[in-house]
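What follows is one structure encoded as C-alpha cells, with my remarks underneath.
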Amino acid sequence: MKLLVNGQAAFDCIFKRIDEARHSIEIGMFIWRNDQIGNALAQKLLLAADRGVKITIRKDKLGAIFEYCEETRQSFFHHNLSFWMKFQAWFLHISYPMQGKSKHCIQTKSPLLKRIISHENIIINCEQCLNDHSKYYIFDHAEMIIGGVNVEDKEVDMDVEGKKYHDYMVHINNEIIVKSFRKSLEFGVDIHRDIHCDKNKKEIDFIINAFDKNKKRMQAREALVNRIEQAQSTIVIVMAYISDLKLMNSIKKAVFNGVKVTIYIPRKANFQNDVNLFFISKLMKKCNNQIKINLCDDMIHGKLIWIDEKYVNFGSINFNKQAMDKLQECNIGMRSDVYLLNESIIKSITEIQENSQQIHCPTKLDYDGYNVFLERMLG
C-alpha cells in the first residue's frame, strides 16, 4: 500500500505498472486530454498492447465538456460532440475565464488516436455519457491504482495560471483487494461491510456510486456521513468542492461533539468557486467559528478525509451535490496507521498548509451572490 501524492508520483507509478503488465490493463477515466501526459499514457498503452497485453479503457464522454473548456481545450478521444455538450463547454469556458488557456477548441487529433482505436488488443468505451467521475487502473487483476488524478498535464505540474495541483492516488498490490474492488462495482454488493484482506484483518472499504438505465446505487452520502459521525477527536478534510448540506450538517455535529475539524479548500477553485466560499461561510456560522478553514493558493483537486489520525478515505468524491446525487463515483477507505500512510498524509497536508491562509471570520470569504445562485441552479 503506497500513497501517491500529486500527479507526478501517480504517473511515475502508472507508467511503471504498464511497462510491467503481462496480461491485462483496465482503465476507468473521466478526463483524458490531448496533451503531453495524455499522449505519453497512450504511447505506453500501445507498447503494452503490442506485446500482447489486453487493454480495456472506459472513458466517460461527459468529461469532454471539461476537456473542451479548460487548459489546452483539447480532448484525446472526443472530437464530435452534440450541440448541447458544445454549448455547455462554451458556457463554462466564458463563465470561468483563466489566463493562459487556449482561445479556441477546434480539435486536433493525436497521431496516436487511430492506432489506439484500431489496435486488436485494445477495447475502448468512449462514446457514452456515463456520468462516471471515477479514476482507476487495474493491472493483471492483481494491482490497482485508484484516486482522483485525471489524465492531464496540470495534474503533473501546474495549470495554465501557474497554480500547482494537489491530488491523491494509492497503489495497492494485493489481489484480494483488487478482486473486492471489482466486485464492489457490481450491483447488489453491500459496500458498508469492511473487507478483511489478510490474517491481521487490515480493513479496506469502498464507497461506490454506480448506476445504469435500470439500477441506481448512490451510497456516497450515507457512507461519508457515517464515517464523519464516528470521529472521536480530529477530522482533516482536503477538498476541491463543498456544497452538500447533509455532509455539512454531519461536520457541524462532529464539531459540537468536541471533534477538532480542519478543512483545506482552494482559494480560487477552477469551477464553483463562489458556491464553495458561500457554503464554507455557512458552515463557519453554523459551527460558531469553532472550525479551522484554510484557503490554499494552489488548486486542491484532491478529495481526502482523515479521521482521528487512524482512518483515511479518498478518491473521486467531492463534497458537493453532483457527487452525491448525479455522478458515478469511487472512494477507498483504510486504516492509515495500520498501512503506514500517516507520514505521507502529514507531509502532504503540511505542504498544503504552507501555501494556505486560515480564515477566522466568515465575512472574510468574498463571493458573488449572483454567481452562487447561478452555480446552484446549474449544479
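Every number here is computed from the coordinates shown, using simple stated rules; none is lab data. Keep in mind the model is a prediction, meaning the values are calculated, not measured. So basically every Cβ, Gly included, is an ideal-geometry build from the backbone, and we count neighbours across all protein chains shown.
Taking a threshold of 18 Å on the Cα-Cα distance, which of the pairs Lys246/Lys286; Lys44/Lys103; Lys135/Lys347; Lys260/Lys285 fall above it?
Lys44/Lys103; Lys135/Lys347
Express in whole angstrom the spacing between the alpha-carbon centres of the stretch 234-279 and the stretch 118-139.
About 32 Å separates the Cα centre of the stretch 234-279 from the one of the stretch 118-139.
Given only helices, namely DSSP H runs of n ≥ 4 each adding -39500 (n - 2.57), what is the per-residue ellipticity at 222 nm of the chain, to the nearest 500 deg cm²/dmol?
-10000 deg cm²/dmol
Name the residue, out of Glu229, Glu329, Glu155, whose mean-square fluctuation peaks in a Gaussian network model built on the chain with Cα pairs under 10 Å.
Glu229
When a footprinting reagent is the concern and you count Cβ atoms within 10 Å, what order do Arg376, Arg33 take, fewest first?
Ordered from fewest to most neighbouring Cβ atoms within 10 Å, Arg376, Arg33 come out as Arg376, Arg33.
Most mobile of Phe87, Phe66, Phe211 per a Gaussian network model of the chain (Cα springs, under 10 Å)?
For the chain, modelled as a Gaussian network with Cα springs under 10 Å, the answer is Phe87.
If we count other beta carbons within 10 Å of each Cβ, what is the order of His23, His301, fewest first?
Details: His23 11, His301 25.
Going from sparsest to densest Cβ surroundings: His23, His301.
Would you mind working out the magnitude of the charge dipole of the chain relative to its Cα centre, with +1 at each Lys and Arg C-beta and -1 at each Asp and Glu C-beta, to the nearest 20 Debye?
Here the size comes out at about 740 debye.
Of the labelled options (1) 20.8, 65; (2) 22.3, 74; (3) 20.0, 61, which one gives Rg and Dmax of the Cα atoms in Å as computed for this structure?
Only one listed value fits the structure, namely (3).
Mind checking which of Gly52, Gly28, Gly302 has the largest fluctuation in a GNM of the chain, springs on alpha carbons under 10 Å?
Top of the fluctuation ranking is Gly52.
Spin-label point model (7 Å from Cα, Cβ direction): what's the Thr56 to Gln232 distance in nm?
For the pair Thr56/Gln232, the computed spacing is 4.1 nm.
Report the label-to-label distance for Asn288 and Arg376 in nanometres (one decimal), using points 7 Å from each Cα along the Cα→Cβ vector.
So the two model labels end up 2.5 nm from each other.
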